[in-house]
Amino acid sequence: MNKKKYTIVQILPALNTGGVERGVIEISKALMDSDFRSIVISSGGYMVPQLKRNGTTHYELDVQTKNPFKWPKIRSQLKVILENEKVDLIHVCSRVPAWIAFPLGTILDIPVITSVHMRFRKSNFIKKYYNSILTKGSLIIAISKHIEDSIKKYFPKVSHKIKVIHRGVDLDLFNPTNINPARIIAQSQLLNLKDNLPVIIMAARPAMWKGYLSLIKALSKVDQNYQCVLIGACDGSKKFQDMLIKYIIKFNLESKVKLVNSSMDIQASLILGDIIVMPSITPEPFGRIILEAQALGKIPVAYDHGGASETIINGKNGFLAEPLNIKSLAEKISLALSLQVTKREKMGIFSKKFVSKNFSHDRMCKLTLSLYKQCIAEYKTKG
């Protein structure tokens, strides 16, 4: 058996759902496929079996606790793991794990890199100091140009360490030809969709900043007939759902807009949509849902800020509305609904090529693994 090249450990708070978690799963598989040793440390979660299936070793530690008095004990446990596994590089994907792990990089003489998935904002000294831990790595991965700009604005001295590696889409998973018709039928029944009526889909976690109310208000200004499904809205609290229902009733959209739980088959759900809307009122750090829609040949609509501005070329592979402008969002949705079949197909073909060239899962993994090797080599040279 060939000797493994390097042992890489990724540390994140938990393995449940989200872009950070999906990225860790994807990178871990790429590591194993490239004959590296892959180790992930988290507090656990329902995605752990996915790691084990690709051969990654998982250690469960309470690396998500924000209680600093517990960190020394966790750090001691982590130190034992890093020593026993002879780790070559530590990759931390969140602030709390970074605070726990960083001292060990110096103690054990192991390079540490960070990923920044969040947008830094103007804050007080304490919050800025807390955030600064993500800038201490030998190298810093920013998941978009938007995030890179945010880091540079608040921590300009680390600009030279930043490497932009956009999140990627698994082009096998999000390939229309790989989605069995039975899956599509099952999702259509779950969503209770009507035949011969355009479908607008918003798929997001139940948070107001994701733009649920913006979309409802915009839909009230759309004259065309349609049906809209808010996937993930029913995962929210009763208070959250009641607020959305209140606005749906206020704008007489009861027959057009429905709330459902998050999908267990997002590929089959998205392929049922004609338009995929991401109306986040706070700029998205990246917003992978847009790329997933494009990979499926769908038309995304979003506000022209944050990660959306990097993934949508207005009029070519989606539509960008003026940020926070409800009228503009409504106009872009109406425009997308009114597209002729030939124009829609042309945009879909361009979208698939665009994602394949610039935002594939393979590209993200190759760039990340290359960065790992670069970091280890440079660290050894400096040492």
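Throughout, read-outs are computed from the coordinates displayed, never taken from laboratory work. Keep in mind that what you see is a predicted model, and the values were worked out from it rather than measured. Positions of Cβ are generated from backbone atoms using ideal geometry, with glycine treated the same way; all protein chains shown enter the neighbour counts.
Helix screen, the chain: DSSP H segments with Cα axial length of 24 Å or more and mean Kyte-Doolittle hydropathy at least -1.0 are 341-358, 361-382. Helix-derived [θ] at 222 nm for the chain: sum -39500 (n - 2.57) over DSSP H runs of at least 4, divide by residue count, nearest 500? Only helices count here, giving -13500 deg cm²/dmol.
May I ask you to derive the relative contact order of segment 176-358, considering only C-alpha pairs under 8 Å and at least 6 residues apart, and to give it as an integer percent?
Values: 316 pairs, mean separation 41.5, N = 183.
The value is 23 percent.
Taking a straight Cα-Cα cut-off under 20 Å and skipping sequence neighbours fewer than 8 places away in the same chain, the aspartates and glutamates within cross-link reach of Lys145 are Glu284, Glu292, Asp304, Glu310, Glu322, Asp362.
How large is Rg over Rh for the chain, taking Rg from the Cα atoms and Rh as the Kirkwood inverse mean of 1/r across Cα pairs? Result: Rg/Rh = 0.99. I need to check one value: relative contact order of the chain, counting alpha carbon pairs closer than 8 Å and at least 6 residues apart, in percent. It rounds to 14 percent for the chain.
Kindly rank 127-140, 200-213 from highest to lowest mean number of other beta carbons found within 10 Å of each residue. Could the numbers behind the result be given before it?
Details: 127-140: 18.1, 200-213: 20.1.
Final packing ranking: 200-213, 127-140.
Going by neighbour counts of Cβ atoms within 10 Å, the residues Ile141, Ile185 line up, fewest first, as Ile185, Ile141. When you count the other C-beta atoms within 10 angstrom of each residue and take the mean per peptide, 342-351, 291-300, 14-23, 311-320 line up highest first as 291-300, 311-320, 14-23, 342-351. A P(r) calculated from all alpha carbon pairs of segment 176-358, with 10 Å bins opening at zero, reads 10, 41, 39, 10, 0 percent. As a rough footprinting exposure proxy, the listed residues Val158, Val355 were ranked by other beta carbons within 10 Å of their own, and the order from fewest upward is Val158, Val355.
Of the cross-linked pairs Lys210/Lys366; Lys210/Lys298; Lys86/Lys373; Lys79/Lys128; Lys163/Lys382; Lys161/Lys382, which ones have a Cα-Cα span greater than 23 Å in the structure shown? Those over the limit are Lys210/Lys366; Lys79/Lys128. Distance from the Cα centroid of segment 128-206 to that of segment 308-325 is 15 Å (rounded to whole angstrom).
Give me the Kirkwood hydrodynamic radius of segment 274-383 in Å, from all C-alpha pairs, to one decimal place? Don't jump to the answer; show the numbers that get you there.
On the way: mean 1/r = 0.0660 Å⁻¹.
Mean inverse Cα-Cα distance, inverted, gives 15.1 Å.
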